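K.L.:
Starting off with a structure, shown below.
Only the coordinates and a few stated rules stand behind these numbers; no lab work does. As the structure is a computational prediction, the values presented were derived from the model and not from experiment. No Cβ is skipped: glycine too gets one built from the backbone with ideal geometry, and neighbour counts run over all protein chains shown.
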Amino acid sequence: MSNFTTRLKAKIEEKKSFVCVGLDPRLNRIPEQIKEEIVAEYGKTKEAVGKIFLEFNQGIIDAVADYAAAVKPQIAFYEQYGHQGIKAYEETIEYAKKKDLLVIGDAKRNDIGSTAKAYADGHLGEVDFWEEAEVGYGADALTVNGYLGSDGIDPFVEACNQQGKGIFVLVRTSNPSAGELQDLEADNKRIYEVMAELVNDWGEDIKDEDGFSAVGAVIGATYPEEAEELREIMGNAYFLVPGYGAQGAGAKEVVPSFKDGGYGAIVNSARGIIFAYQREPWKDRFSADEYQEAAQAAVEYMREDINTALNEAGKLPW
């Protein structure tokens, strides 16, 4: 099986897009016509919520499939509705892969020993299934928290090696309070710099033909100066870059996450695309019935916005 970054780069080239669409469904923001039809059949139940999420996600996936390289379902939005939500998460992954999109599971998992291995097997690999093995969630990559050290990362790295999958380790996140921990210093280095060096170590033996490692990093677009610094430290890591759009960063802020020759990053947006019909500048052009058209317009704009910024910086690879 090919390395995850080989498949990611191929998908980026195919779509001419560095966009990842976050699939973070919120029940109160999903168009009423979807909810009404399902509630009429299943009532106001968690089963109905799961089916609403899946139908909405399928509509979004159909709308963005030609313009995005990957999707990133955030598992928390599904877990809160119990097993019916998890079923929607599983079926969303399955549908996205049928539509030829890569799937990054956003679960930020971390633990040690057999528990970490269970997480790695479930999200990225295969699980014990009596005398055989069964694929777990089936994502292509997973976000992970590295702050338990190597004990909590090794099982995920092993899954990357054995299954051709990828991980994105939290390094410099986009949230406002990230600096409370990540900006602290140890041995004259900030904690996020220490984590970046660990990411290099963890991914040293899982590289594709272009030198990119299957062990990547989450780097918030809201900290472009740090991103530029971290790109120097992690020359072989792919960056998963949240923060574009609804969190305040624009295309120019994501440019430092890319390598000089292009590639090396994929940029996520969730609310700005999946709920575009409720947001400027799209809400005056599209109704709730046209949520797919709004999502398509938003993702196409994002693709061109990032490509234009990369081209102006001399980093667009095509």
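K.L.:
Taking all pairs of distinct Cα atoms, average 1/r, flip it, and tell me the Kirkwood hydrodynamic radius of the chain in Å to one decimal place.
P.N.:
19.8 Å
K.L.:
Looking only at the range 51-73, which residues have a backbone nitrogen under 19 Å from a spot 7 Å from the Cα of Glu94 in the C-beta direction?
P.N.:
Counting backbone N atoms under 19 Å from the label point, the list is 51-62, 71-73.
K.L.:
List every DSSP H helix in the chain whose Cα atoms extend 24 Å or more along the helix's own long axis and whose mean Kyte-Doolittle hydropathy is at least 0.5.
P.N.:
none
K.L.:
Starting with the fewest neighbours, write out Val64, Val135, Val218 ranked by other beta-carbon atoms found within 10 Å of each beta-carbon.
P.N.:
Going from least to most buried by this count: Val135, Val218, Val64.
K.L.:
Amide H to amide H under 5 Å from Leu316: which residues, 5+ apart in sequence or cross-chain, H placed 1.01 Å off N in plane?
P.N.:
Amide H neighbours of Leu316: Asn311.
K.L.:
Okay, next question. Past 30 Å, Cα to Cα, is the threshold; run Lys97/Lys189; Lys87/Lys207; Lys16/Lys98; Lys9/Lys117; Lys46/Lys252 against it and keep the listed order.
P.N.:
Table pairs above 30 Å Cα-Cα are Lys97/Lys189; Lys87/Lys207; Lys46/Lys252.
K.L.:
To continue, here is another question. Sorted from fewest to most neighbouring beta carbons within 10 Å, what does the list Val267, Val215 look like?
P.N.:
Val267, Val215
K.L.:
Could you check the simple spin-label distance between Glu280 and Ala313, using points 7 Å along Cα→Cβ, in nm with one decimal?
P.N.:
2.5 nm
K.L.:
Also, I was wondering about something else. Can you list the HN-Hα couplings for the range 266-273, worked out from phi with the Karplus curve (6.51, -1.76, 1.60; θ = phi - 60°), rounded to whole Hz and with x for Gly and Pro?
P.N.:
Once θ is set to phi - 60°, the couplings for the range 266-273 become 9, 10, 9, 9, 10, 4, x, 10 Hz.
K.L.:
Right, next: Provide the FRET efficiency to the nearest 0.05 for the Lys189-Ala118 pair, computing r from the beta carbons and using R0 = 41 Å.
P.N.:
Computed FRET efficiency for Lys189 and Ala118 comes out at 0.80.
K.L.:
Taking neighbour counts of Cβ atoms within 10 Å as a proxy for exposure, in what order, fewest first, do Val39, Val71, Val255, Val49 appear?
P.N.:
Val39, Val255, Val49, Val71
K.L.:
Mind checking the full-extension length gain between Val39 and Glu132? Use 0.36 nm per residue of separation minus the Cα-Cα distance, one decimal, nm.
P.N.:
29.6 nm
K.L.:
If we count GluC sites (Glu not before Pro) as exposed when they sit in a DSSP loop and have at most 14 other beta carbons within 10 Å, what is the longest stretch of the chain that avoids them all?
P.N.:
In the chain, the maximal stretch lacking such sites is 1-130.
K.L.:
At what distance in nm do the modelled label points of Asp111 and Ser287 sit from each other, each positioned 7 Å from its Cα along Cα→Cβ?
P.N.:
According to this spin-label approximation, the distance is 4.9 nm.
K.L.:
Here is a further query. Relative contact order for the chain: what percent, with Cα pairs under 8 Å and sequence separation of 6 or more?
P.N.:
18 percent
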